[in-house]
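Okay, structure first, notes after.
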Amino acid sequence: MLFNRLRRILFYPVLLMAWFGPHRRFRAFCHRLMGIKIGKNTEIGYFVSLDMEYPELVEIEDNVCIVNGAIIVGHDHSYRYSRGLPDRFGKVTIRHHAFIAGNAVVLPGVTIGCRAIVGAGAVVTKDVPDDAVVIGIPARILKDGDKTAR
């Protein structure tokens, strides 16, 4: 616990560079410095929050695009604070060529499939299959012909 707190304090300058860095490769590099596995040619937008407390729980594959303001977490303290139960942990994997739109939230234990699209502001609580488009709170698969995408 002390190590995690110390690590967070030491990584704040790196986090600021990751949020405000001038180039997508530089921002991805800064997140890698914090311990997050990020593949090649991955674009990380401004103000993207990747789990800083447990970076080993987040893995992002090649050619992924994560747009400004997205949040990806591998842990959840809510049960501890509200019910006295243990924290929840789960590895988050974002497969190659996935797209996470602005202000989307990906919760612990979720896998985003290959070429999947997560819509703006969606809250992803379950795995997203390959090639799926998900929107909403909680995120649901957008079916062909669905009028809500317009």
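Within segment 82-93, can one find any residue that is part of a loop (DSSP other than H, G, I, E, B), in contact (Cβ under 8 Å) with a residue 24 or more places away in the chain, among the polar types (S, T, N, Q) and under 25 Å from Asp130 (Cβ atoms)?
Looking through segment 82-93, none of the residues is part of a loop (DSSP other than H, G, I, E, B), in contact (Cβ under 8 Å) with a residue 24 or more places away in the chain, among the polar types (S, T, N, Q) and under 25 Å from Asp130 (Cβ atoms).
With surrounded by 12 or more Cβ atoms within 10 Å (Cβ to Cβ) and touching a Cys at 6+ places or on another chain (Cβ under 7 Å) as the only criterion, which of Val48, Val14, Val64 stands out?
Val14
Contact list please: Cβ distance under 6 Å, first residue in segment 26-40 and buried (at least 18 other Cβ atoms within 10 Å of the Cβ), second residue at pLDDT 85 or above and part of a helix (DSSP H, G or I), pairs at least six apart or on different chains.
Partner pairs satisfying both residue conditions: Met34/Pro55; Ile36/Pro55; Ile38/Ala28; Ile38/His31; Ile38/Arg32.
Go through segment 104-138 and give me each residue that's closer than 20 Å to Ser78 by Cα and either among the polar types (S, T, N, Q) or in a loop (DSSP other than H, G, I, E, B) (or both).
Answer for segment 104-138, where residues must be closer than 20 Å to Ser78 by Cα and either among the polar types (S, T, N, Q) or in a loop (DSSP other than H, G, I, E, B) (or both): Ala104, Leu107, Pro108, Gly109, Val110, Ala122, Thr125, Lys126, Ile137, Pro138.
Would you say Gly113 is surrounded by fewer than 20 Cβ atoms within 10 Å (Cβ to Cβ), out of contact with any strand residue (DSSP E or B) (no Cβ under 8 Å at 6 or more places or on another chain) and either modelled with pLDDT of 95 or more or on the phi > 0 side of the Ramachandran plot (or both)?
Here the answer is no, as Gly113 does not meet what is asked.
Please work out if Arg83 is charged (D, E, K, R), loosely packed, with under 14 Cβ neighbours inside 10 Å and within 19 Å of Gly109 (Cβ to Cβ).
In short, yes.
Could you tell me which of the residues Ala70, Ala120 is within 30 Å of Phe26 (Cβ to Cβ), of a type outside the set (Ser, Thr, Tyr), out of contact with any His (no Cβ under 8 Å at 6 or more places or on another chain) and surrounded by 19 or more Cβ atoms within 10 Å (Cβ to Cβ)?
Checking each option against the conditions leaves just Ala70.
The values are calculated or read from the model by the stated rules, or taken from the named source; none is laboratory data. Please read all numbers here as calculations on a predicted model, not as lab measurements. Note: ideal-geometry Cβ built from the backbone for every residue, glycine included; neighbour counts use all protein chains shown.
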